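The values are calculated or read from the model by the stated rules, or taken from the named source; none is laboratory data. From a predicted model like this one, the values you see are computed outputs, not experimental measurements. No Cβ is skipped: glycine too gets one built from the backbone with ideal geometry, and neighbour counts run over all protein chains shown. The protein model used for the area step is the full one, side chains on, heavy atoms only, and it has no ligands, DNA or RNA in it. Shrake-Rupley method; radii C 1.70, N 1.55, O 1.52, S 1.80 Å.
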Amino acid sequence: MNKINTLQDLEEIKKRVRPLLAVREDTNFARFKEARQIDVLVCRGTGCTAAGADEVEDAFREAIKRRGLEKRVRVNVTKIGCRGFCEKGPNVTITPGDILYTRVRRADVDEIVEKHLVRGEIVERLVYVDPISNKPAPANKDIEFYKRQRRIVLFLNGLIDPWSIEEYIAFDGYRAFIKALTSMKPDDVVEEVLKSGLRGRGGAGFPTGRKWGMVRSAQGNEKFVVCNGDEGDPGAFMNRSVLEGNPHTLIEGMLIGAFAIGNVRQGYAYVRAEYPLAIETLNHAIKQAREYGLLGQNILGTGFSFDLDIFPGAGAFVCGEETALLISIEGKRGNPRQRPPFPANKGLFDKPTTLNNVETWSIVPQIVLKGADWYKGVGVGGNAGTKTFCLVGKITNSGIAEVPVGTPLGHVVFDIGGGPPQGKTFKSVQIGGPSGGVIPIEHINTPVDYESVTSLGAIMGSGGLIVMDEDSCMVDMAKFFLQFTKDESCGKCLPCRAGIPKMLEILNKITQGHGTMEDLDVLQELAEMVGSASLCGLGQTAPNPVLSTIRHFRAEYESHIIDKKCPAAVCAGLFRAPCQHTCPVGLDVPGYTAFIKEGRFDEAYRLIRQRMPFPSVCGRVCNHPCEGKCRRGQMDDPVAIRHLKRFAADWAAEKGFEYTPKVNGKRNESVAIVGAGPAGLSAAQDLAMDGYQVTVFEALPVAGGMLAVGIPEYRLPNEMLNAEVSAIEKLGVDIRLNTRIHDVDALFAQGYKAVFLALGAHLGERMRVPGEDVKGVYDAVEFLRNVNLGREVETGKKVAVIGGGNTATDSARVALRMGASQVDMFYRREKKDMPAIEEEIVAVEEEGIHIHELTAPTRVLSQEGKVTGLELIRMELGEFDKSGRKTPRQIKGSEYSVACDTVIQAIGQRPDTGFTEKYGIKIGMGRTISADRRTLATDRPGVFAGGDAVTGPWTVIEAIAAGQRAASSIKRYLQGQELGPRVDREDQETFLIPRPEDVEDVKERSRVTISELHPGKRASSFKEVNMGYTAQEAMSEASRCLRCDAEAGGE
Amino acid sequence: MQKVEQSVDLELPVNKDSAEYAARILRDVNEIVDLNTGRSGRLIRVLQQSQQRVGYLPPEVLTAISQVMKVPISEVNGVVSFYNFFTTVPRGKHVLQVCLGTACYVRGGQRILDVLKKEYHLEPGDTTPDGILSLDTVRCLGACALAPVVTLNGQVHRRVKPTGVKELVSRCK
């Protein structure tokens, strides 16, 4: 222990200690075997310690001693502080070589010591694997998560032992303070901080230099410097990381501040009580600083005295607010007060005070040491410095990311964070904690700087980034934050105390299904009032989550209010079970699953069939949104709802079971439906059930639309489809094939009282590249149609399919079955962005079809009018577009060609709506028909439209739902009633669903695998690939259902 | 939650009505108050350290603090009722805290509470009738990357599944 009296003393410690730490910066693993010193760095932050790092550290010491390693080489086992990689902890780095081991348990230590320390070999299984690329990245410097950051606040975290002041000094610690103290004037220090552009990192972003200047010039000869370490924002833990990983930088920053401001002899660090380790670490650092003469009286004999005391918080979020914090330090209730007077003039104990955030304080030493220009230079787009962000929530790489201020938000969330895991779709990122707002995908390119974020209705805040995906409800999030601020409100002022609970009441009403559109207006008004009239920052910003979610996700609020639907299936007050709620037709999934479990298959079938007419079809091809919300999926695998539906349908078909809905009465009105696809036929069934005369006009020679001419036989056998179509015909629906309709007026003239346009989207988009008008280039929709209709189709041997959706995968697999010996798919984005259903992508690759990503066609090569090849260009990903995916752009000069004799374009479809405008029916984007999304009414009275013709290519189940919605609207229209947003449809039979048994312990059990045709056998025929469950398998799978509908009983 | 630098003996007494008990409380409170001489915000620090020792803040301790520090009992109660950390009711033998910070909430923290309500009829703030287990919510422990987080007697458990919390509870005897 050396007391420091001069800069020289500091230099000597650095000279002595730095070489001992050099090994930590040696990233060359090749040198490991000859190393004279090995450092084993064990992270002991809160996260890693919670995961057992304390045991790991002990185990290392034990094992090293036991192995007698010390005889050969010097081994240091050192505690390091939080590196912001907590999700992968316990983290252990071994140098030289900078190798990182993640999720290290006590039981792993012996192997690491034996293999790595003794034999110099890497323990492969514990190395970090990049979750996006799936490639191992053994060294810290190779890890993308770190590589893409710019760490200046956190740069010593993970490098030094936070319990050693000398290690801090070895890396130039306290040098800045001594430089300021001995060779600078206080005004110069303030000037330097001002010039650097440093802004308060606690959230408000007030220029730090300016604040210091104000305190410096305030009247009084007793002033204070205070550190805000309350970090109350849930989801923010970067301050914790600094306190646990590099506490001395905070002490040094406050020393410099105290010196710069003048007349400061005492400082306080307010640290929340929920951070016991941080308090302990900082406490120890303070003690050390005192011992080394850097805190206390007459520091370095200059007459400057300063000491630091820790004040532990007591669990009040409002004490993160400046005036509340200062009052709390005085031992009182943490009620904020009005400003002015500002703490700069009248703060702690009514004396001039500067309060700064931990992160602000901790960058000050480097600014003084390296200069304002250095700090200004780090930062993008005119901003200075970096900001630490905590990436939490639905995010693949969870941890702390430090980036230059002004970095695009998408870069932080997707390139560093890796986006949501498990292939879920990003929805929004919440920034600024309970005072902040949400940023949706449309604004993901926004630079993260104070002004840009504020203009979007959010705030920078302390830097917590809560990433949310398709399973998060924005209305629920607003409610969550209001519950928080309501609890934490100090109660002093009326707008906050009474306004927040009132807003919460309205939100509860909405999430319980009783909300009205007027409520939304009142909510907004209240929010604006609370925001403008509250006394302190807590109340002023509490409405932000509400205002921000209404602004960016209004449709979601409207869905809760008008449709009584929570798209994320979170607001339990609106539904019985998430699967049923998510299903566009509301199938009673828990019901039929329960029946299957008990072997009551006929009831299962009837329960499904009464709700919609295509169980067999959907059981095979539905994209199953229900499974995405299945709660079982949070345990192991979602229940195989689709396979179960198929089982029930197939069982019924096998038994010759016929289901005929009852027809209620007879009505004289006739309705014309254009298009015999799933939308048209579903509408036809419902109208026929109510006794209307229905005629369905179909241009093709078969009924079923895309079900018949799009989806290939090996996915949906025609036989199964035709059976379900016949059942609809048996109700008296007249299906006229080979009849194309182009004249809407004529339909009315013929006596039809209402028309439903369910045209689908059967026109394929063209690539629009030179050379595409030759033999061998097909439009995918036409190709599939011709194959399905049994027409002559010339498929070559080497087939190239352009596109990434289901039409593309269908085309590729069909081409194989038509005799191609090689099929390749070319997609312009990355494979993970392909819109095709996951199972199809897997199937494609199983059948030997190769998917080439990031490539697009530029020219078709041909000879004598026939395709000989394709010229393509490589793509790279640029900025995010509105769909949440990065826009691909061509890499100039990267053209290349491949040989092929057939090209199938599957890059998009649109409806054939050229004729409709003439009849007063408006067309919208993508040539789709404009119709009200809830009533499906078009501009022309009596004409309704739904399905792909309105939405563009979408799913079968949505088309069926649209058909039912159209039927409901048409009935109202014909009966002279007002059209409404709800679908009127009554189930004809009631069923008594079996009650769930009380399950004591639910054990993890994977989904029952469904039998499939062996990949080798598939391509030779159009035989159905998926072979369905046996009864045993179905019952076993059905018993995995958690019966979420049972819990709803208590609501 | 916060470590007291020197341990002060403030054992649970046998007979709360005895003069001996009152005297002991007074003596111990005096020690804690002296320990914190000259430090800012002494009242809060004294309350924290007293609660650390006893496990909660019974009325006799609050009265003693008021007496020794010459602070009106209303002010003492005002501070106790303001800060979440202070509790005037005894806690159970084991304390389970479920974090309801945003990250933990987004990753299923609420469902953990739902399971506890359904299986054990426990809501935040409750203690089981046999005094074995208390349930609390806490707003963010700073271990967000490990969400959802639950602590049992201060020990942090990470990535807790609703089924896993039942196992934790069964350990509490």
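Can you name every residue in segment A:623-662 that is assigned to a loop (DSSP other than H, G, I, E, B) and under 24 Å from A:Gln988 (Cα atoms)?
From segment A:623-662, those assigned to a loop (DSSP other than H, G, I, E, B) are A:623-624, A:630, A:635-640, A:655-662; that's our starting set.
Passing the criteria: A:Lys655, A:Gly656, A:Phe657, A:Glu658, A:Tyr659, A:Thr660, A:Pro661, A:Lys662.
Just to check your reading of the model, which residue among A:Leu10, A:Leu41 is away from every other protein chain (no Cβ under 14 Å), over 46 Å from the mean Cα position of the chain (by Cα) and of a type outside the set (Asp, Glu)?
Details: A:Leu41 fails: over 46 Å from the mean Cα position of the chain (by Cα).
Just one listed residue meets the conditions, A:Leu10.
Please specify each residue of segment A:436-467 satisfying the condition of being at negative phi and surrounded by 24 or more Cβ atoms within 10 Å (Cβ to Cβ). Talk me through it step by step, then tell me what you get.
Filtering segment A:436-467 for residues at negative phi gives A:436-456, A:458-460, A:462, A:464-467.
Result: A:Gly436, A:Gly437, A:Val438, A:Ile439, A:Val448, A:Ala458, A:Met460, A:Ser462, A:Gly464, A:Leu465, A:Ile466, A:Val467.
Selection over segment A:98-117 of residues that are buried (at least 16 other Cβ atoms within 10 Å of the Cβ) and under 27 Å from A:Ala22 (Cβ atoms) gives a count of 11.
Is it true that some residue in segment A:5-17 is among the polar types (S, T, N, Q), out of contact with any Lys or Arg (no Cβ under 8 Å at 6 or more places or on another chain) and open to solvent by less than 60 Å² (accessible area, probe 1.4 Å)? No: segment A:5-17 contains no residue that is among the polar types (S, T, N, Q), out of contact with any Lys or Arg (no Cβ under 8 Å at 6 or more places or on another chain) and open to solvent by less than 60 Å² (accessible area, probe 1.4 Å).
Screening A:Ala401 with (1) assigned to a helix (DSSP H, G or I); (2) crowded, with 24+ Cβ neighbours inside 10 Å gives one miss only, at (1).
Please tell me if A:Tyr275 is among the aromatic types (Phe, Trp, Tyr), open to solvent by less than 10 Å² (accessible area, probe 1.4 Å) and within 14 Å of chain B (Cβ to nearest Cβ).
So A:Tyr275 passes the test.
Inside segment A:283-327, residues that are within 11 Å of another protein chain (Cβ to nearest Cβ) and buried (at least 17 other Cβ atoms within 10 Å of the Cβ) make up a count of 15. For segment A:44-65, filtered to residues that are of a type in the set (Lys, Arg) and more than 14 Å from chain B (Cβ to nearest Cβ), the residue that is surrounded by the most Cβ atoms within 10 Å (Cβ to Cβ) is A:Arg61. Checked against (1) at pLDDT 90 or above; (2) buried (at least 16 other Cβ atoms within 10 Å of the Cβ); (3) within 13 Å of chain A (Cβ to nearest Cβ), B:Pro72 meets all criteria but (2).
Scanning segment A:609-635 for residues that are free of Cβ contacts under 8 Å to residues at least 60 places away in the same chain and not acidic (Asp, Glu) yields a count of 7.
The number of residues in segment A:844-855 that are surrounded by 19 or more Cβ atoms within 10 Å (Cβ to Cβ) and assigned to a strand (DSSP E or B) comes to 2. Among the listed residues A:Met834, A:Met818, identify the single one that is among the hydrophobic types (A, V, I, L, M, F, W, C) and under 17 Å from A:Val1025 (Cα atoms). Result: A:Met818 is the single residue among A:Met834, A:Met818 that is among the hydrophobic types (A, V, I, L, M, F, W, C) and under 17 Å from A:Val1025 (Cα atoms). Of all strands (runs of 3 or more DSSP E) completely enclosed by segment A:737-842, which ones contain at least 3 residues that are closer than 24 Å to A:Gln890 by Cβ? The qualifying strands (runs of 3 or more DSSP E) are A:798-802, A:822-826. Where helices (runs of 4 or more DSSP H) fall entirely within segment A:910-1018, those with at least 3 residues that are modelled with pLDDT of 90 or more are at A:948-951, A:956-974. Scanning segment B:78-92 for residues that are open to solvent by 70 Å² or more (accessible area, probe 1.4 Å) and free of Cβ contacts under 8 Å to residues at least 40 places away in the same chain, we see that the one that is farthest from A:Pro312 (Cα to Cα) is B:Val89.
Quick one: in segment B:115-137, which of the residues that are in a helix (DSSP H, G or I) and more than 8 Å from chain A (Cβ to nearest Cβ) is most open to solvent (accessible area, probe 1.4 Å)?
Of all residues in segment B:115-137, those in a helix (DSSP H, G or I) come to B:115-120.
Subset that is more than 8 Å from chain A (Cβ to nearest Cβ): B:115-117, B:119-120.
Details: B:Val115: 30, B:Leu116: 1, B:Lys117: 108, B:Glu119: 81, B:Tyr120: 80 Å².
Result: B:Lys117.
Among the residues of this structure, A:Val358 counts as one that is within 14 Å of chain B (Cβ to nearest Cβ), under 29 Å from the mean Cα position of the chain (by Cα), in contact (Cβ under 8 Å) with a residue 60 or more places away in the chain and open to solvent by less than 10 Å² (accessible area, probe 1.4 Å).
A count restricted to segment A:33-46 and to residues that are modelled with pLDDT under 90 and either among the β-branched types (Val, Ile, Thr) or out of contact with any helix residue (DSSP H, G or I) (no Cβ under 8 Å at 6 or more places or on another chain) (or both) stands at 4.
State which residue is most open to solvent (accessible area, probe 1.4 Å) when the search covers only segment A:66-97 and only residues that are more than 14 Å from chain B (Cβ to nearest Cβ) and within 30 Å of A:Gly464 (Cβ to Cβ). Walk me through how you get there before you give the answer.
Our first condition is that a residue be more than 14 Å from chain B (Cβ to nearest Cβ); within segment A:66-97, this holds for A:66-80, A:92-97.
Going one step further and asking which of them are within 30 Å of A:Gly464 (Cβ to Cβ), we end up with A:78-80, A:92-93.
Details: A:Thr78: 12, A:Lys79: 66, A:Ile80: 3, A:Val92: 0, A:Thr93: 7 Å².
Step by step, filter segment A:66-97, then rank; the result is A:Lys79.
A:Gly704 is checked against (1) open to solvent by less than 10 Å² (accessible area, probe 1.4 Å); (2) more than 30 Å from A:Asn668 (Cβ to Cβ); (3) assigned to a loop (DSSP other than H, G, I, E, B) and fails just one. What number does that condition carry? Result: A:Gly704 passes all but (2). For segment B:138-167, the set of residues classified as open to solvent by 50 Å² or more (accessible area, probe 1.4 Å), touching a helix residue (DSSP H, G or I) at 6+ places or on another chain (Cβ under 7 Å) and more than 8 Å from every other protein chain (Cβ to nearest Cβ) consists of B:Arg159 only.
Would you confirm whether any residue within segment A:328-335 is touching a Lys or Arg at 6+ places or on another chain (Cβ under 8 Å), open to solvent by less than 10 Å² (accessible area, probe 1.4 Å) and either touching a residue at least 40 places away in the same chain (Cβ under 8 Å) or more than 14 Å from chain B (Cβ to nearest Cβ) (or both)? Explain how you work it out, then say what you get.
So the first thing to find is which residues in segment A:328-335 are touching a Lys or Arg at 6+ places or on another chain (Cβ under 8 Å), and the list is A:331, A:335.
Adding the requirement that they be open to solvent by less than 10 Å² (accessible area, probe 1.4 Å) leaves A:331.
Remaining after also requiring either touching a residue at least 40 places away in the same chain (Cβ under 8 Å) or more than 14 Å from chain B (Cβ to nearest Cβ) (or both): none.
Checking segment A:328-335: not a single residue is touching a Lys or Arg at 6+ places or on another chain (Cβ under 8 Å), open to solvent by less than 10 Å² (accessible area, probe 1.4 Å) and either touching a residue at least 40 places away in the same chain (Cβ under 8 Å) or more than 14 Å from chain B (Cβ to nearest Cβ) (or both).
Is it true that B:Thr102 is farther than 19 Å from A:Ala51 by Cα and facing another protein chain (nearest Cβ under 8 Å)? Before the answer, list the steps.
Working: farther than 19 Å from A:Ala51 by Cα: yes; facing another protein chain (nearest Cβ under 8 Å): yes.
Judged against the criteria, B:Thr102 is a match.
Criterion applied to A:Gly423, A:Gly410 was being more than 17 Å from A:Leu547 (Cα to Cα) and either assigned to a strand (DSSP E or B) or open to solvent by less than 10 Å² (accessible area, probe 1.4 Å) (or both), and the one residue passing it is A:Gly410.
Just name the residue that is nearest to A:Gly200 (Cα to Cα) out of those in segment A:359-388 that are of a type in the set (Phe, Trp, Tyr) and in contact with a helix residue (DSSP H, G or I) (Cβ under 6 Å, 6 or more places away or on another chain). First the steps, then the outcome.
Here is the first cut: in segment A:359-388, the residues of a type in the set (Phe, Trp, Tyr) are A:361, A:374-375.
Remaining after also requiring in contact with a helix residue (DSSP H, G or I) (Cβ under 6 Å, 6 or more places away or on another chain): A:361, A:375.
Values: A:Trp361: 9, A:Tyr375: 14 Å.
Only one residue tops the list, namely A:Trp361.
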